[in-house]
Amino acid sequence: MSLDPILNASLVIQLHVIAALCAVIVGPLVLFRRSRDAWHKRLGYVWVIAMAGTALSSFGISEAPVLGPLSPIHALSFFTLWSLWYGINAARQGRIAAHQKEMRSIYFWALGIAGIFTFLPGRRMNAVVFGDASMFGFLLMGGLISAGLVYYYYANQKIKGESKLVSR
């Protein structure tokens with residue numbers, strides 16, 4: 001593991017990595033807490049700022065441009081910014097279930113799915129974490145994220161099953 005690919009990158013890439021790592025770390029503390037207390041709200045602000053910072057800084061990165069300076073991954077950045085706005089509005093309007101669903105969806109899509117792409121062989125984060133074993137790193141991350149998808153699917157099925165039992 002070597003931080004050289006990040007330390008030698010441009011400032012916008014360094015800011016992007018810092019914001020993304022903050023969002024990855026703070027996300028579970030906010031999204032999966034049972035208690036929706038003052039800490040949830042404080043850390044939620046930190047998480048939203050980190051997610052917005054990650055999305056906004058991505059527009060300064062154009063390593064595989066397709067349409068001007070934009071690449072297909074930038075569609076995810078637009079989606080993230082829109083979803084953050086929607087999720088915050090849902091909370092302000094008291095639509096807590098919609099707020100929770102939106103924020104968890106952002107975490108999954110913007111960090112989980114995008115995370116797979118950051119670990120493709122030849123990408124900076126793959127080189128940072130896995131060095132010369134780039135294909136192993138990609139396969140490992142793909143396996144971990146696949147396991148997360150399976151867990152996410154079955155956890156949602158369990159929640160849906162519980163809500164059906166309560167409504168009877």
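The values are calculated or read from the model by the stated rules, or taken from the named source; none is laboratory data. All figures in this text were calculated on a predicted structure; none of them were measured in a lab. Don't worry about glycine lacking a Cβ; one is built from the backbone with ideal geometry, like all the others, and counts go over all protein chains shown.
Specify the residue that is surrounded by the fewest Cβ atoms within 10 Å (Cβ to Cβ); the eligible residues are those in the range 26-36 that are among the hydrophobic types (A, V, I, L, M, F, W, C) and within 14 Å of residue 106 (Cα to Cα). The qualifying residue surrounded by the fewest Cβ atoms within 10 Å (Cβ to Cβ) is 32.
Can you confirm whether residue 74 is surrounded by 13 or more Cβ atoms within 10 Å (Cβ to Cβ), free of Cβ contacts under 8 Å to residues at least 24 places away in the same chain and out of contact with any Gly (no Cβ under 6 Å at 6 or more places or on another chain)? Steps first, answer last, please.
Values: surrounded by 13 or more Cβ atoms within 10 Å (Cβ to Cβ): yes; free of Cβ contacts under 8 Å to residues at least 24 places away in the same chain: yes; out of contact with any Gly (no Cβ under 6 Å at 6 or more places or on another chain): yes.
In short, yes.
Scanning the range 37-60 for residues that are surrounded by fewer than 18 Cβ atoms within 10 Å (Cβ to Cβ) and under 15 Å from residue 17 (Cα atoms) gives 49, 52, 53, 56, 59, 60.
The residue of the range 87-105 that is farthest from residue 30 (Cα to Cα), among those that are surrounded by 16 or more Cβ atoms within 10 Å (Cβ to Cβ) and modelled with pLDDT of 90 or more, is 90. Against the list (1) of a type in the set (Ser, Thr, Tyr); (2) surrounded by fewer than 14 Cβ atoms within 10 Å (Cβ to Cβ); (3) closer than 22 Å to residue 152 by Cα, the condition residue 118 fails is (2).
Identify all residues within the range 34-55 that are small (Gly, Ala, Ser) and within 25 Å of residue 76 (Cβ to Cβ); write none if there are none. If you could, list the steps in order and put the result at the bottom.
Within the range 34-55, the first condition is being small (Gly, Ala, Ser), and the residues that meet it are 35, 38, 44, 50, 52-53, 55.
Selection gives 44, 50, 52, 53, 55.
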